[in-house]
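First up is the structure itself, then whatever we jot down about it.
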Amino acid sequence: MSIAVLIADDHELVRWGLRLVLLRNGFSVAAEASTPLEAVTYAMDPGVQVVLLDLSWASCTNVGRDEGVKVLRAIRSARPSLPVLMYSVEAGSVCIERCRRGGASGYLIKGLDDAVLAWAVRAVHAGEQIWPESRHARAPVQLANAGSRTVRR
């Protein structure tokens, strides 16, 4: 049985690309959320097994960067065991640490190849944590290729 993923991003093109990558790698897409409210609502579906959640929401002009963490906390409050994998173009340690403190299962920096994204989704679904080693890490690419499962700063 495939892992059912909720894709939460305010950019349709990003959701389309993630959907394509997930389907090509044997996952199913449980739902796609284009707003923070949709993300929280769809995450309540017991069929959702992993959430891919964008950190920044351009549609939330004044608080866009914080919106992903707010969504993360709302999901964690209602479904504490649901793995939430955050992603962003932001590679700074402050952003990563906010997600860690908010209860995320991991953090990926946009620009990954398909294999790393698939590996990360499977890993968080299995209960593992995925974190870049440093603020300059593009993703757990080096460690994924080396067979490591958990990436720590």
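No value in this document is a laboratory result; all are computed from the given coordinates. Note that the structure is predicted; figures quoted are calculated from it, not measured. Cβ coordinates were reconstructed from backbone atoms using ideal geometry, including for glycine residues, and neighbour counts include every protein chain displayed.
At a glance:
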quantity: Estimated D of region 1-120 in µm² per second, where Rh is the Kirkwood radius over Cα pairs and Stokes-Einstein applies at 10 °C, 1.306 mPa s; calculated: 113 µm²/s
quantity: Where labels lie 7 Å past Cα in the beta-carbon direction, separation of Met44 and Val89 in nm; calculated: 3.3 nm
quantity: Lys110/Ser77 FRET efficiency (R0 35 Å; Cβ-Cβ; nearest 0.05); calculated: 0.85
quantity: Gained length - Trp16 relative to Leu37, 0.36 nm times residue gap less alpha-carbon distance; calculated: 5.6 nm
quantity: Per-pair calculated FRET efficiency, R0 = 22 Å: Ala126 and Asn25 via Cβ, rounded to 0.05; calculated: 0.90
